[in-house]
1. For region 40-96, give me the residue count where each residue is assigned to a loop (DSSP other than H, G, I, E, B) and on the phi < 0 side of the Ramachandran plot.
2. If the Cβ limit is 7 Å and pairs must be 6+ apart or interchain, which residue in region 82-103 that is in contact (Cβ under 8 Å) with a residue 40 or more places away in the chain pairs with which residue that is surrounded by 13 or more Cβ atoms within 10 Å (Cβ to Cβ) and not in a loop (DSSP other than H, G, I, E, B)?
3. (1) touching a strand residue (DSSP E or B) at 6+ places or on another chain (Cβ under 9 Å); (2) part of a helix (DSSP H, G or I); (3) buried (at least 16 other Cβ atoms within 10 Å of the Cβ); (4) free of Cβ contacts under 8 Å to residues at least 60 places away in the same chain: which one isn't true of residue 13, the others all being true?
4. Looking at region 38-59, which of its residues are buried (at least 19 other Cβ atoms within 10 Å of the Cβ) and under 17 Å from residue 70 (Cβ atoms)?
5. Take region 50-65 and flag every residue that is touching a strand residue (DSSP E or B) at 6+ places or on another chain (Cβ under 7 Å), under 16 Å from residue 30 (Cα atoms) and free of Cβ contacts under 8 Å to residues at least 40 places away in the same chain.
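We did not get these values from a lab; they are worked out from the coordinates using the rules stated. Just so you know, these numbers come straight off a predicted model, no measurement behind them. For neighbour counting, all protein chains shown are included, and Cβ atoms are generated from backbone atoms with ideal geometry for every residue, glycine included.
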């Protein structure tokens, strides 16, 4: 499996993880800033949350780590949470904005 195929599997996995307060996947919300495939299929994900006080601030990164580890071919996972740049609604996909009635 090449890096692009693995990255696509990771994106599909992230599209199945939802923010508990918003009925949209964390991927469509724009919370995933980077997905990097490093040598030996080590995966680095840089993500944010909607707010530092988000009740799921502890659980979402753990869920991302656990679910991505389950993907066949993934060796190791590192999830980094960043607050820069701060998340805002413009980062959401059109699908997410439609889902939430913002378009």
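1. Step one: list which residues in region 40-96 are assigned to a loop (DSSP other than H, G, I, E, B), which gives 48-58, 70-75, 82-88, 92-93.
Still in the running and on the phi < 0 side of the Ramachandran plot: 48-58, 70-72, 74-75, 82-88, 92-93.
Residues meeting the conditions: 25.
2. Listed by first residue and then by second, the contacts come to 82/33; 82/46.
3. Of (1) touching a strand residue (DSSP E or B) at 6+ places or on another chain (Cβ under 9 Å); (2) part of a helix (DSSP H, G or I); (3) buried (at least 16 other Cβ atoms within 10 Å of the Cβ); (4) free of Cβ contacts under 8 Å to residues at least 60 places away in the same chain, only one is false for residue 13: (1).
4. So the first thing to find is which residues in region 38-59 are buried (at least 19 other Cβ atoms within 10 Å of the Cβ), and the list is 43, 45, 47-50.
Selection gives 43, 45.
5. First, pick out the residues of region 50-65 that are touching a strand residue (DSSP E or B) at 6+ places or on another chain (Cβ under 7 Å): 61, 64-65.
Cutting the leftovers down to under 16 Å from residue 30 (Cα atoms) gives us 61, 64.
61 - this is the single residue of region 50-65 that is touching a strand residue (DSSP E or B) at 6+ places or on another chain (Cβ under 7 Å), under 16 Å from residue 30 (Cα atoms) and free of Cβ contacts under 8 Å to residues at least 40 places away in the same chain.
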